[in-house]
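A.B. asks: Quick one: the structure is below, and I'll ask about it shortly.
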Amino acid sequence: MWRLCRPPSHYNNRFVYASQFRSLSTHESPSKPRRFVRVLAAGGCVLLGSGAYIAATSDLKTPQLVKITERMGRNAWGVVSSVVDYKYTYWKMKNMTPEEQEQAMRNVHLRGAHRLLHACTSNGGMYVKIGQVLAQMEHLLPSEYVQTMKSMFQSCPHTSYDDVLEVLQEELKTDPFAVFASLSPEPIASASLAQVHVGYLRDPQTGGRGPKVAVKVQHRGLIETSLLDIRSLDFFVRQIKRVFKDFQYGWFVDEVKVNLPNELDFRLEGLNAEKCAANFKNNPQVKVPRIYWPFTSQRVLVMEFEEGCSVTDVNELKRMKLDLQDVARLMSQTFSEQMFVHGFVHADPHPGNVLIRRMPNSSKPLLVMLDHGLYRTLGAEFKFNYCQLWRSLIMGDAVGIKEAALKLNAGELYPYFAAMLTYKSWDDIVASDRSKLQRKLTKEESTRLQQYAVQYAGEIGDVLHRVPREMLLLFKTNDCLRYVDRQLGAPINSYLVMSEYCLRGIRQYHRQTNPGVWSAIQDFQEQLHLALRVKMFKIYVWLLSWLNYATIFPATEPTTSER
């Protein structure tokens, strides 16, 4: 039987197989959905009191307290409505056929997803960011939630032009048009934290138009409301933890508390951009916009304007006569180099943050990296263990996967850890036929993975609670890259690209930790052995593709359902 994770035999008592799983369509509602509903019920009660608690313990101004109370009230209404909806649906399911029960669960998930979408879009700010993260959690949430929340990428808030000018005035300490010769009234892009306008700097010599720039302006009042949102979210999670001792999702709030303040300071984003540009200074196919520091502050970032289309805009890429294989390969190479070699990783490479255009006088693509607000620096030891893990995943080395996962604190849950990273079943990960790792999932297999994600939600939550904090953003990065690869039609074997950079990262670590001659010889022997295995893997994949025995390289034209 097809399984999400089949661990070694000595873990049979620890893990539950799919054949033993009582699905949501059984006449008796399973314990996990009931526990989930109890969590929601407790959460609703907590939310109702959160606004009053924060107001009573805060020294913030009245308008800010009104905002947080409105948000908490909206959240409480959404939670309570979902609790009632799920409870009523479970009650009705007792007299349904299995097919009717399955459809009822899909419907209640969809209604719950729309309530969550409404709360995130109405609250704005940090909630938009949270909604976008949820839209990428295919390994954790039902498909109805994932698909519904994807609209968060197109429904970001807009700040009025008057508010934009006020923010510029406050940050630049002068009239904005003393700095800019012109500034477009309408933004060309809007995200959860800011929006971008096209402008021209004023030439200091002539007073006319200078360089064309992109002006990123933070949404007005976002710093104050985001701090309130973090505080209320932290309070909510702490109360849930008091009621349910096995609640393991405090890591989410911890990450928000660390990362959001950094993202709200655009000066840090400018520094990240410059460091990224320095890392790729010898790669002519990767471009990072130049930062104009005299006009950059905490809430305003002025950078060189860069042309290009979204990395997933297949029609525009074809119009530019770019090969989708070249685009997919460049994308995979760029972010593999960040993860395995530089150890300085862009943690939010969604399609809006990666532009593609043709290189001058060439048919090759050029990749422009935008939005450098969220990065993660990987320590040398962590990066080496991560390289070893991916090397083992690519080679199907079950022992190596276990050893590397143990070093990353996944413990006995390493099969789930591997499945979360690759979005593949354990059977496919360790199969002797390595083409299974790259092949596209069928619609049925993808649905099963999402169903098992619900089944194993406890184990997945345990993994996320155990692993180092660096892994959490890498999970997000991998989800983003996997989405981009699918939108391009998965035209290359991205795992082969990753294997090359894994070897580079391992070589780099050995040179730094064992600089002696003898260790260099041993390292050379080991790397030669690994390189030969990778080369044989490439030849094997190429032969399968050439003989048309496996669908490793699907057609570059995406199907209607993928568009």
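The values are calculated or read from the model by the stated rules, or taken from the named source; none is laboratory data. Note that the structure is predicted; figures quoted are calculated from it, not measured. All Cβ positions, glycine included, derive from the backbone under ideal geometry; neighbour counts span all protein chains shown. Heavy atoms of the whole protein, side chains included, go into the accessibility calculation; ligands, DNA and RNA do not. Shrake-Rupley method; radii C 1.70, N 1.55, O 1.52, S 1.80 Å.
A.B. asks: Starting from region 313-329, take each residue that is closer than 17 Å to Leu481 by Cβ and list its partners that are in a loop (DSSP other than H, G, I, E, B) and open to solvent by 20 Å² or more (accessible area, probe 1.4 Å), counting only C-beta distances under 7 angstrom and pairs at least six apart or across chains.
C.D. replies: Every condition considered, the pairs that remain are Leu324/Thr556; Gln325/Thr556; Asp326/Lys364.
A.B. asks: For Glu224, indicate whether it is open to solvent by 50 Å² or more (accessible area, probe 1.4 Å), charged (D, E, K, R) and either assigned to a loop (DSSP other than H, G, I, E, B) or closer than 25 Å to Leu374 by Cα (or both).
C.D. replies: The answer is yes for Glu224.
A.B. asks: With the structure loaded, tell me whether Val345 is modelled with pLDDT of 90 or more, part of a strand (DSSP E or B) and over 19 Å from Cys309 (Cβ atoms) or whether it fails that test.
C.D. replies: Against the criterion (modelled with pLDDT of 90 or more, part of a strand (DSSP E or B) and over 19 Å from Cys309 (Cβ atoms)), Val345 qualifies.
A.B. asks: Okay, next question. Going residue by residue through region 145-157, is there one that turns out to be part of a loop (DSSP other than H, G, I, E, B), crowded, with 21+ Cβ neighbours inside 10 Å and of a type outside the set (Ser, Thr, Tyr)?
C.D. replies: yes
A.B. asks: Now, a different point. Cys480: assigned to a helix (DSSP H, G or I), open to solvent by less than 10 Å² (accessible area, probe 1.4 Å) and modelled with pLDDT under 85, yes or no?
C.D. replies: So Cys480 passes the test.
A.B. asks: Only one of these is within 16 Å of His219 (Cα to Cα), within 29 Å of the chain's Cα centre (by Cα) and either buried (at least 20 other Cβ atoms within 10 Å of the Cβ) or modelled with pLDDT under 85 (or both): Gly131, Gly112, Gly124. Name it.
C.D. replies: Only one candidate passes the filter, namely Gly124.
A.B. asks: Would you point out the residue of region 323-343, among those that are in contact with a helix residue (DSSP H, G or I) (Cβ under 9 Å, 6 or more places away or on another chain) and charged (D, E, K, R), that is least open to solvent (accessible area, probe 1.4 Å)?
C.D. replies: Glu337
A.B. asks: Considering region 290-307 alone, what residues qualify as being within 24 Å of Phe335 (Cβ to Cβ), assigned to a loop (DSSP other than H, G, I, E, B) and open to solvent by less than 40 Å² (accessible area, probe 1.4 Å)?
C.D. replies: The answer is Glu306, and nothing else.
A.B. asks: Residue pairs, Cβ under 6 Å, 6 or more apart or interchain, first in region 162-191 and more than 23 Å from Leu370 (Cα to Cα), second in a loop (DSSP other than H, G, I, E, B). List them.
C.D. replies: Asp163/Arg220
A.B. asks: To continue, here is another question. Within region 266-289, track down each residue that is more than 16 Å from Arg357 (Cβ to Cβ), open to solvent by 20 Å² or more (accessible area, probe 1.4 Å) and charged (D, E, K, R).
C.D. replies: The answer is Arg267, Glu274, Lys275, Lys281.
To keep it simple, each residue is scored yes or no on (1) of a type outside the set (Ser, Thr, Tyr); (2) surrounded by 16 or more Cβ atoms within 10 Å (Cβ to Cβ); (3) under 30 Å from Phe252 (Cα atoms).
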| position | (1), (2), (3) |
| --- | --- |
| Thr159 | no, yes, yes |
| Asp162 | yes, no, no |
| Thr174 | no, no, no |
| His197 | yes, yes, no |
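A.B. asks: Is region 352-372 home to any residue that is in a strand (DSSP E or B), closer than 23 Å to Val215 by Cα, among the aliphatic types (A, V, I, L, M) and more than 21 Å from the chain's Cα centre (by Cα)?
C.D. replies: yes
A.B. asks: Follow-up question, since we're still on this one. Return yes when His346 is open to solvent by 30 Å² or more (accessible area, probe 1.4 Å), in contact (Cβ under 8 Å) with a residue 60 or more places away in the chain and under 30 Å from Ala405 (Cβ atoms) and no when it is not.
C.D. replies: no
A.B. asks: What tally of residues in region 176-199 results from selecting those that are closer than 13 Å to Glu306 by Cα and hydroxyl-bearing (Ser, Thr, Tyr)?
C.D. replies: Result for region 176-199: 0.
A.B. asks: Inside region 461-477, can you point out the residues that are more than 19 Å from Phe344 (Cβ to Cβ), open to solvent by less than 10 Å² (accessible area, probe 1.4 Å), modelled with pLDDT of 75 or more and in a helix (DSSP H, G or I)?
C.D. replies: Scanning region 461-477 gives Val463, Leu464.
A.B. asks: Can you tell me which residues in region 355-403 are without any contact (Cβ under 8 Å) to a residue 24 or more places away in the chain, of a type in the set (Ser, Thr, Tyr) and open to solvent by 30 Å² or more (accessible area, probe 1.4 Å)?
C.D. replies: Within region 355-403, Ser362 is the sole residue that qualifies.
A.B. asks: Could you grab me the full set of residues in region 308-322 that are open to solvent by less than 30 Å² (accessible area, probe 1.4 Å) and part of a helix (DSSP H, G or I)?
C.D. replies: The answer is Val314, Leu317.
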